[in-house]
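This is the structure I want to talk about, given as structure tokens.
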Ligand code: COA
């Protein structure tokens, strides 16, 4: 039996920090409202010159360094992003070039919004287990600040920019135990950035629009379902889970999931307070932060799970 295993992590956050107090000067809101409803205190915002591939580059370099490999040993590049540098080429192809990888390895993007990293990790896992590739670079990177309407208080307080990356390698010992991906496209109206490019113009709003209450309810339900599915597939119960590494959208969603799994919050990695919702970047950012703090021990069981526009949702159960 062949598995794939995370052997390196890295992350990057833009320097500029936007606090809730800063937002009080931009829209009719308060630190109190944002913090009690979401758990967010601050988020990072990329400079205008920084693109998703630039954030990805920094995170990838750190992941490559922590894996102790050379960039040219990477033979598969998958980038999850909702805010690509351009319509095409893919952010993954641009990242491959910026990393100086000259081995013509495949590079492609995955778009599953905030579940993007889970989808990308699952895709890489299939390729590595099949024995086709030796080192996959899997990245979640976002400059969500570009598609936020900074006059809309119902969305602008929630999101931030950043990138996280992992290096995945085939391994005879686990590794990723199982991946569980889902989508229900009929929910598309509750969370979308509907604008499209047509004849040199953007048709429809290019900004994130969201029915927050509807997203909240769906998110809590599907996250519980997919966690149960992942545990059942591995004949595990909540007491077998050492760490929950959830998508960082809202502390209330995270706490509700932890409660349903009977997991103490000290076994849950939380970064939403400092990062806000960084969409596809949030899980690898949380993973890298906790890994660098030395919180995970070898052999511990981690449950990664996410939900996002689509609606898409999914989970990855793995041994660290
Ligand atoms: N500051 C102050 N007041 C705000 C506000 C803000 N930033 N945003 C909205 N409000 C107001 C609303 O206008 C509303 O006022 P009203 O009662 O006078 O109409 C009031 O606060 C309550 O709004 P409501 O939307 O019911 O709040 P809520 O408790 O549902 O919290 C969210 C809103 C967005 C925090 C919450 O619904 C949520 O987290 N949803 C999930 C969002 C998410 O995670 N999306 C990404 C998934 S990947």
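The values are calculated or read from the model by the stated rules, or taken from the named source; none is laboratory data. Note that this is a predicted model, so its numbers are computed, not measured. When we count neighbours, we look across all protein chains shown, and the Cβ atoms used for this are built from the backbone with ideal geometry, even at glycine.
Does any residue of segment 68-87 turn out to be surrounded by fewer than 24 Cβ atoms within 10 Å (Cβ to Cβ), away from the ligand (no atom under 16 Å from the Cβ), within 27 Å of residue 273 (Cβ to Cβ) and assigned by TED's automatic domain parsing to the domain that holds residue 168?
Within segment 68-87, none of the residues are surrounded by fewer than 24 Cβ atoms within 10 Å (Cβ to Cβ), away from the ligand (no atom under 16 Å from the Cβ), within 27 Å of residue 273 (Cβ to Cβ) and assigned by TED's automatic domain parsing to the domain that holds residue 168.
Quick one: which of 28, 47, 54 is within 16 Å of the ligand (Cβ to nearest atom) and assigned by TED's automatic domain parsing to the domain that holds residue 147?
On inspection, the qualifying residue turns out to be 28.
OK, next. Out of curiosity, is residue 114 under 30 Å from residue 65 (Cα atoms), within 16 Å of the ligand (Cβ to nearest atom) and either out of contact with any helix residue (DSSP H, G or I) (no Cβ under 8 Å at 6 or more places or on another chain) or assigned to a helix (DSSP H, G or I) (or both)?
Taking the combined requirement at face value, the residue satisfies it.
Among the residues of segment 151-182 satisfying the criterion of being in a loop (DSSP other than H, G, I, E, B) and buried (at least 20 other Cβ atoms within 10 Å of the Cβ), which is farthest from the ligand (Cβ to nearest atom)?
175
Whether any residue in segment 183-203 is touching a residue at least 24 places away in the same chain (Cβ under 8 Å), away from the ligand (no atom under 16 Å from the Cβ) and in contact with a strand residue (DSSP E or B) (Cβ under 7 Å, 6 or more places away or on another chain) is what I want to check.
no
Scan (1) buried (at least 18 other Cβ atoms within 10 Å of the Cβ); (2) farther than 25 Å from residue 159 by Cβ; (3) in contact with a helix residue (DSSP H, G or I) (Cβ under 7 Å, 6 or more places away or on another chain) for the single condition residue 280 breaks and write down its number.
Here residue 280 clears every test but (2).
If we scan segment 298-305, do we find a residue that is within 16 Å of the ligand (Cβ to nearest atom) and either over 20 Å from residue 178 (Cα atoms) or crowded, with 19+ Cβ neighbours inside 10 Å (or both)?
There is at least one residue in segment 298-305 that is within 16 Å of the ligand (Cβ to nearest atom) and either over 20 Å from residue 178 (Cα atoms) or crowded, with 19+ Cβ neighbours inside 10 Å (or both).
Another question, then. It is to be established whether one or more residues within segment 45-66 are modelled with pLDDT of 95 or more and within 20 Å of residue 250 (Cβ to Cβ).
yes
Also, I was wondering about something else. Any idea which of 266, 288 is crowded, with 24+ Cβ neighbours inside 10 Å, away from the ligand (no atom under 14 Å from the Cβ) and either over 11 Å from the mean Cα position of the chain (by Cα) or part of a strand (DSSP E or B) (or both)?
288
Given the criteria away from the ligand (no atom under 16 Å from the Cβ), over 19 Å from residue 64 (Cα atoms) and part of a helix (DSSP H, G or I), does residue 126 qualify?
It is true that residue 126 is away from the ligand (no atom under 16 Å from the Cβ), over 19 Å from residue 64 (Cα atoms) and part of a helix (DSSP H, G or I).
Additional query: Considering only segment 1-34, state which residues are in contact (Cβ under 8 Å) with a residue 24 or more places away in the chain and either in a loop (DSSP other than H, G, I, E, B) or surrounded by fewer than 13 Cβ atoms within 10 Å (Cβ to Cβ) (or both).
Result: 1, 2, 13, 14, 15, 16, 26, 27, 28, 29.
In segment 204-217, how many are surrounded by 13 or more Cβ atoms within 10 Å (Cβ to Cβ) and either away from the ligand (no atom under 16 Å from the Cβ) or within 18 Å of the chain's Cα centre (by Cα) (or both)?
Summing the residues that are surrounded by 13 or more Cβ atoms within 10 Å (Cβ to Cβ) and either away from the ligand (no atom under 16 Å from the Cβ) or within 18 Å of the chain's Cα centre (by Cα) (or both) in segment 204-217 gives 5.
If you scan segment 35-44, which residues turn out to be within 16 Å of the ligand (Cβ to nearest atom) and either part of a strand (DSSP E or B) or buried (at least 19 other Cβ atoms within 10 Å of the Cβ) (or both)?
Within segment 35-44, 38, 39, 40, 42, 43 meet the criteria.
Could you grab me the full set of residues in segment 226-254 that are away from the ligand (no atom under 11 Å from the Cβ), assigned to a helix (DSSP H, G or I) and either without any contact (Cβ under 8 Å) to a residue 60 or more places away in the chain or buried (at least 20 other Cβ atoms within 10 Å of the Cβ) (or both)?
Within segment 226-254, 226, 227, 228, 230, 231, 232, 238, 239 qualify.
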